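The structure appears right after this line, and notes come after that.
The values are calculated or read from the model by the stated rules, or taken from the named source; none is laboratory data. None of the values given here were measured: they were computed from a predicted structure. All Cβ positions, even for glycine, are placed from backbone atoms using ideal geometry, and neighbour counts span all protein chains on display.
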Amino acid sequence: MLVEHGSGVSLADIARRAGVPKGALTHHFPHRLELEKALVHRSNEQLWADVHALVDLSENRPGKLLRAYVRALTAPDSRAAEIFSPSSLLTVLGERPGMEELVDEDAARWREALSADGFDPAQALVVRLASEGLAMNMGTPYATEQERELAHARLLELAEPR
């Protein structure tokens, strides 16, 4: 609902959509910021899990996690790509006061994991940011399905060691 209606949506509406009484929602999340942090944390954890589920353990070469990141974000109908859409939860809430620490920790975790992947750091950064940019544009007129396929294939090529 936050993605659909913005951060101004009422707790009563959120509780109704979740099928729980508002009192139960406010019992678990006494302050709206706590609920919003829990949602952002869940979104971060979902991306982490989605990417790690696509790690191909048979790829015994540097860049294994980076290639999984590309696959997760740029595959057709990517659930992970939704996190980077302009209307995503992170976009709606990520810049709000109180979210900095959560977002900073997630960014640091990705930096650490990708730097431990054994791949050239500059190349990994370019591939990561290009994947995120493509994910942001999927489903818009700025990235057709054919363009997504081309970029997906090229990003996977760029994520191979030279």
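Here residue 4 passes the criteria (1) at pLDDT below 85; (2) assigned to a helix (DSSP H, G or I); (3) surrounded by 14 or more Cβ atoms within 10 Å (Cβ to Cβ) except the one numbered (3). Scan the range 139-155 for residues that are surrounded by 11 or more Cβ atoms within 10 Å (Cβ to Cβ) and part of a helix (DSSP H, G or I) and the total you get is 9. Residues in the range 54-62: is at least one more than 18 Å from residue 102 (Cβ to Cβ) and either outside any loop (DSSP other than H, G, I, E, B) or of a type in the set (Val, Ile, Thr) (or both)? Yes - at least one qualifying residue is present in the range 54-62. The residues on offer are 40, 9, and the sole one that is of a type in the set (Val, Ile, Thr), modelled with pLDDT of 80 or more and within 20 Å of residue 97 (Cβ to Cβ) is 40. Cβ-Cβ below 9 Å, separation at least six or inter-chain, first residue in the range 44-64 and without any contact (Cβ under 8 Å) to a residue 24 or more places away in the chain, second part of a loop (DSSP other than H, G, I, E, B) and of a type in the set (Val, Ile, Thr): which pairs? Nothing qualifies.
Conditions tested, residue by residue: (1) assigned to a helix (DSSP H, G or I); (2) within 24 Å of residue 142 (Cα to Cα); (3) at pLDDT below 80.
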residue: 15; (1), (2), (3): yes, no, yes
residue: 67; (1), (2), (3): yes, yes, no
residue: 71; (1), (2), (3): yes, yes, no
residue: 77; (1), (2), (3): no, yes, no
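Restricting 90, 54, 25 to those that are modelled with pLDDT under 85 and under 28 Å from residue 156 (Cα atoms) reduces the list to 90. Scanning the range 108-143 for residues that are more than 12 Å from residue 70 (Cα to Cα), at pLDDT 95 or above and polar (S, T, N, Q) yields 115, 123. Among the numbered conditions (1) touching a residue at least 12 places away in the same chain (Cβ under 8 Å); (2) more than 30 Å from residue 34 (Cβ to Cβ); (3) surrounded by 12 or more Cβ atoms within 10 Å (Cβ to Cβ), the only one that residue 103 does not meet is (2).
Residues of the range 106-138 that are farther than 14 Å from residue 81 by Cα and surrounded by fewer than 12 Cβ atoms within 10 Å (Cβ to Cβ): 107, 108, 112, 116, 121, 122.
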